[in-house]
Amino acid sequence: MSSFTIDKEHFLLNNEPFRILSGAMHYFRVHPVYWGDRLRKMRAMGLNTLETYVAWNLHEPKPAEFNFDGWLDIVDYIKQAADSGLRVIVRPGPYICSEWDLGGLPAWLLKDREIKFRCAHEPYLEAVDRYFDVLLPRLEPLQISRGGPIIAMQIENEYGAYGNDKEYLRYLEKGMRARGINVLLFTSDGPTDDMLCAGTLPHILKTANFGSDAKNKFAKLREYQPEGPLMCMEFWNGWFDHWGGKHHVRTPEDTTTTLDEILFQGGSVNFYMFHGGTNFGFMNGSNCHGKFESTITSYDYDVPLNEAGDITPKYLACRKILGKYVELPDIPLPSAVPKLALGPVELTETAGLFDALDWLSKPIRRPTPEPMEMFGQNYGFILYRTRVEGPRSEMPLRIQKLHDRAQVFVDGDFVGVLEREFPEKTLNIVVPPEGLQLEILVENMGRVSWGPKMYDRKGITDAVSLGDRHLFGWTIFPLPLDDLSRLEFSEVTANVGPVFCRGEFAVTDPKDTFLALDGWTKGVCWINGFNLGRYWKRGPQQTLYVPGPVLRKGKNEIIIFELQTLENCTVEFRNHPVLNRSYPGNQ
């Protein structure tokens, strides 16, 4: 029987010292056709272990309805890692952060207005238990003690940055053990006093997350753990981007300096990330530290394998440093796979959102606006409609606690945008004697994934007022946009949103490509029914990654939901990404 344990200084694999050289790569951010390719490149760089989070919100999209098939077949993913010569570290949550919507917690938890996350609150623990009851039996046979590749599992995730409920952490530990998990358990936190005090348990291995200054960070960890192996569980060799922010880059030289320092200290390391992948669909998270910031669709992260899975200069530089400490595997390094450049494609048909409401949604009447979670909606958009009697002189329209971005229409005409980033902004409206119809289309830009503001219900979470008076009597249209098959398109072109635009294009040899949306403002794109994610002229990201397996040989369909304006109905498929160009102002 194989074993994985620790002594006073080392990890021990079958009682022999073992240095973990790991890379983070999430199955839910990478097309499953490419799992094997990325895992082989991980091993070729000199790594011996795969680390992955588990996204609870994908596996249980509705209460007690579970999915572990296809893209979500984590068992197959772990087996493919073993076939590639890798051990596996699993971080099952329930919370994962990862710049993922609500940090991986299911959005339906928010329907309970009294729910308390990440603590020993009984309704929350009941949901966690149901999730663990289904997940952990799938992982139990894959543990090293059962001949599988899983060598360790994490309890929660960076808990010391959030709370201090040790009863909760012990509950998770006992729950994992009771369900047959007998591998090494660990916690990971920032190497600071407050985080290590709050997020750890005395008898559980502690690891640290950092991107630089390894000597001092490990020294702080030693204050709380005098014995045991040292490990940087998240070596931040790159970083993620927000819409409207800059594209983050860390040079190979800066990265390898810290990597060398970690290894020289005798530490083990997990690259966060090794391969970032993509926040497909509506699954990106957000941050809210002072102001609300939504994470972009690309999770390229500027790490050893880029978003399309190609080897980068950082990969080669890190491989060279790893070669100082371990023998590198004799695996040939592949060159980048050619990318498809189809050129321009015209979208020739359109369908206006307001004309398509009957196909996309069933209206719900409420006296006040309510967030989408109250209607069992997890992602997408939500439309609020009311009638305002007149006459009224010019007054400011306010949306209290808007989450996240609203487009306002009066009698069908667009009058402006209100955003969570700018809560004091209002729009002035005059109501004629005959009254008017007010419509507010709200986009869920991704739930907060880290910190104390995670109770992030989406839509209008409080009230709408005109002047000093609340507006009552609303018709609400949930718009998850998870099925566009009933849309009826016509050849009437439109250049003002919200509008769905449709086109077709032919592919003779499907390969990865990048969709450029020059001249478009903001929206979402689907190819052959697959949601590629959001685009926004605001940047810094200007192209969407299109995995080759999403394309078909022959005819393909593209649908774009443009929220605002487009200069023309043409897109372009290019053979390279653009992740670092921003436009001035708030487009």
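In terms of its alpha-carbon gyration tensor, region 160-293 comes out oblate; a/c meets the 1.5 threshold, while b/c is at least as large as a/b.
On alpha carbon coordinates alone, what is the Rg over Rh value for region 1-156, Rh being the Kirkwood radius?
Working: Rg = 16.5 Å, Rh = 16.6 Å.
For region 1-156, the value is 0.99.
Taking amide hydrogens as placed 1.01 Å from N in the peptide plane, the amide H of THR207 sits under 5 Å from those of THR187, SER188, ASP189, each at least 5 positions away in sequence or on another chain. Annotation: amide H of GLY435 within the under-5 Å range of GLY390, sequence separation 5 or more or interchain, hydrogens built in the peptide plane. The 3J(HN,Hα) values that the Karplus relation (6.51, -1.76, 1.60; θ = phi - 60°) gives for region 326-338 are, in residue order, 9, 6, 6, x, 7, 10, x, 8, x, 7, 4, 6, x Hz. Gly and Pro appear as x. Between the alpha-carbon centres of region 295-325 and region 362-392 there is a gap of 44 Å.
Roughly what angle does helix 166-178 make with the longest principal axis of the chain, taking Cα atoms, 0 to 90 degrees, to the nearest 10? Taking the Cα atoms of the chain, the angle to 166-178 is about 70 degrees.
Taking every pair of alpha-carbon atoms in region 396-456, give the share separated by more than 12 Å as a whole percent. Cα-Cα pairs in region 396-456 separated by more than 12 Å: 70 percent.
The angle between the Cα long axis of helix 122-139 and the main principal axis of the chain comes to about 60°, on a 0 to 90 degree scale.
From the Cα gyration tensor of the chain, with a ≥ b ≥ c the square roots of its eigenvalues, which class applies: rounded if a/c is under 1.5, or else prolate if a/b is larger than b/c, or else oblate? Since a/c reaches 1.5 and a/b is larger than b/c, the shape of the chain is classed as prolate.
The calculated Kirkwood hydrodynamic radius for region 462-587 is 16.4 Å, given to one decimal from all distinct C-alpha pairs.
Testing the spin-label approximation: label points 7 Å from Cα along Cα→Cβ at THR368 and VAL578. State their distance in nm. Between THR368 and VAL578, the label points sit 4.5 nm apart.
Neighbours of ILE150, meaning other residues whose beta-carbon lies under 15 angstrom from its beta-carbon, give a summed charge of +3 when Lys and Arg score +1 and Asp and Glu score -1.
Shape call for region 354-479 from the C-alpha gyration tensor, a ≥ b ≥ c root eigenvalues: rounded (a/c under 1.5), prolate (a/b greater than b/c) or oblate?
Oblate is the answer for region 354-479, as a/c is 1.5 or above yet b/c matches or exceeds a/b.
Extents of region 21-322, largest first, come to 49, 48, 44 Å (Cα atoms, principal axes, whole angstrom).
Per-residue ellipticity at 222 nm for the chain, helices alone: DSSP H runs ≥ 4 residues times -39500 (n - 2.57), over residue total, nearest 500 deg cm²/dmol? Working shown, then result.
On the way: 10 runs with 99 residues, N = 587.
My calculation for the chain gives -5000 deg cm²/dmol from helical runs alone.
Across all directions, the shadow cast by the convex hull of region 75-162 built on its C-alpha atoms averages 6.7 square nanometres.
What translational D, rounded to a whole number of µm²/s, comes out for region 269-386 from Stokes-Einstein when the hydrodynamic radius is the Kirkwood one over Cα pairs, at 4 °C and 1.567 mPa s? Stokes-Einstein gives a translational diffusion coefficient of 66 µm²/s. Shape summary of region 185-232, radius of gyration then Dmax from alpha carbon positions: 9.4, 27 Å. Mean separation of Cα pairs under 8 Å and 6 or more residues apart, divided by the residue count, gives region 196-278 a relative contact order of 34 percent.
If you take all other residues with their beta carbon under 12 Å from the beta carbon of PRO313, and give Lys and Arg +1 and Asp and Glu -1, the sum is +1. Counted residue by residue at 0.36 nm each, then reduced by the alpha carbon distance between them, the extension gain from ASN67 to GLU114 reaches 14.2 nm.
All Cα-Cα distances of region 235-317, cut into 5 Å bins from zero to the largest, leave 3, 15, 22, 22, 16, 12, 8, 2, 0 percent in each bin in turn. Across the chain, Cα pairs under 8 Å and at least six residues apart give a relative contact order of 14 percent. In sequence order, region 69-83 has phi-based couplings of 9, x, 4, 9, 7, 5, 5, 5, 4, 5, 5, 5, 4, 4, 5 Hz under the Karplus curve 6.51 cos²θ - 1.76 cosθ + 1.60, θ = phi - 60°, and Gly or Pro positions carry x. Against the chain, whose longest principal axis is taken from its Cα atoms, helix 252-264 shows a tilt of about 40°. Under 14 Å from a label point 7 Å along Cα→Cβ of ARG170: give me every residue in region 116-154 with its amide N that close. Under 14 Å, as judged by backbone N against the label point of ARG170, lie 120 of region 116-154.
Listed values for region 232-247 are Karplus-derived 3J(HN,Hα) couplings in whole Hz (6.51 cos²θ - 1.76 cosθ + 1.60, θ = phi - 60°), namely 8, 6, 10, 8, 7, 8, x, 7, 9, 10, 10, 4, x, x, 8, 7, and x replaces Gly and Pro.
All of the numbers you see were taken from the coordinates with simple rules; none came from a lab. If you're wondering where the values come from, they're calculated on a predicted model, not measured in any experiment. All Cβ positions, glycine included, derive from the backbone under ideal geometry; neighbour counts span all protein chains shown.
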